[in-house]
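Right, one structure below, let's go through it.
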Amino acid sequence: MPAYLIAHLDITDPSLFESYRAAVPGVIAGFGGRYLVRGGAVEVLEGEWQVPRLVILAFDSLDQAKRFYRSPEYQEILPLRLAAAKGDVVLVEGMENA
């Protein structure tokens, strides 16, 4: 069953975030992940959700997404993101054959 990592970020240090942004795609790909959304324009249709930056990654399974997030490779670069942005990151299980 597919799984998605969704990150809602407010970048506070663009220069430092650029270092993270340059390093992370290879790690994501190494765990079979792929970008569905990476920044881009956001239009709120209902409610008051403020979305400075939205990233959605797809993985083949929840276990695969967890392996990516907990991997030594990602944990090595995660401090860059934590220092350069604040926000929320969640994993959600998708639907089979969606």
Residues of region 71-98 satisfying the condition of being surrounded by 15 or more Cβ atoms within 10 Å (Cβ to Cβ) and touching a residue at least 60 places away in the same chain (Cβ under 8 Å)
LEU80, ARG81, ALA84, ALA85, GLY87, LEU91, GLY94
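It is to be established whether one or more residues within region 39-62 are in a helix (DSSP H, G or I), surrounded by 13 or more Cβ atoms within 10 Å (Cβ to Cβ) and not hydrophobic (A, V, I, L, M, F, W, C). I'd like the intermediate steps shown before the answer.
First, pick out the residues of region 39-62 that are in a helix (DSSP H, G or I): 62.
Still in the running and surrounded by 13 or more Cβ atoms within 10 Å (Cβ to Cβ): 62.
Add one more test, that the residue is not hydrophobic (A, V, I, L, M, F, W, C), and what stays is none.
No, there is no match, as no residue in region 39-62 is in a helix (DSSP H, G or I), surrounded by 13 or more Cβ atoms within 10 Å (Cβ to Cβ) and not hydrophobic (A, V, I, L, M, F, W, C).
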Please work out which residue is farthest from HIS8 (Cα to Cα), limiting yourself to region 42-70 and to residues that are without any contact (Cβ under 8 Å) to a residue 40 or more places away in the chain and among the β-branched types (Val, Ile, Thr).
VAL44
When region 1-32 is checked residue by residue, the ones that are without any contact (Cβ under 8 Å) to a residue 60 or more places away in the chain and either assigned to a loop (DSSP other than H, G, I, E, B) or closer than 21 Å to LEU91 by Cβ (or both) are ARG21, ALA23, VAL24, PRO25, GLY26, VAL27, ILE28, ALA29, GLY30, PHE31, GLY32
Tell me which residues, restricted to region 63-98, are among the hydrophobic types (A, V, I, L, M, F, W, C) and in a loop (DSSP other than H, G, I, E, B).
MET95, ALA98
When residues of region 66-98 are filtered for being under 24 Å from LEU16 (Cβ atoms) and either modelled with pLDDT under 95 or out of contact with any Gly (no Cβ under 6 Å at 6 or more places or on another chain) (or both), how many remain?
22
Kindly provide the set of residues from region 9-54 that are touching a strand residue (DSSP E or B) at 6+ places or on another chain (Cβ under 7 Å), within 20 Å of PRO79 (Cα to Cα) and of a type in the set (Ser, Thr, Tyr), ordered by number.
THR12
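The values are calculated or read from the model by the stated rules, or taken from the named source; none is laboratory data. This one's a predicted model, so the numbers in the text were calculated from it and none came from an experiment. Because the Cβ atoms are built from the backbone with ideal geometry, glycine has one as well, and the counts that use them run over all protein chains shown.
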